[in-house]
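One structure is given here, and the rest of the page talks about it.
The numbers here are math on the coordinates, done by the rules we state, and not lab data. Keep in mind that this is a model prediction, so the values were computed, not measured. With ideal geometry, Cβ positions are generated from the backbone for all residues, glycine too; neighbour counts draw on all protein chains shown.
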Amino acid sequence: MIEVGKLFYKYTQPLKEVAIPKKDQIYYNVEGHALRYRGNDEYEFLEGSPLRSGNLITELTPKQLSLFWKLVKNKSIYGINIVQ
């Protein structure tokens, strides 16, 4: 089981926290990792964060957050999985 903490909706700026996750939806945790909610408080790790280890999406400036979402979108387009 993955410890997820706070979850955020994809591409939200400012970040919008998930109150009640929906089955099979993809969310991002504070480290920027993509997780799919499987139900019953279980999550599947989908892809690593484009952030350097130790950085949190909740601490990004608006400009940095915009860049983060662009990197996420480009990773999805090209099928790249970046894990640091």
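Simple spin-label model, 7 Å along Cα-to-Cβ: Arg52 to Gln13 in nm?
2.1 nm
Please determine, in degrees from 0 to 90 and to the nearest 10, the orientation of helix 62-78 with respect to the longest principal axis defined by the Cα atoms of the chain, where the helix direction is its Cα long axis.
70 degrees
When the chain is fully extended, how far beyond the present Cα-Cα distance does Asp24 get from Lys6, taking 0.36 nm per residue of separation?
4.8 nm
Using 0.36 nm times the number of residues separating Phe45 and Leu71, minus their current alpha carbon distance, what extension gain do you get?
7.6 nm
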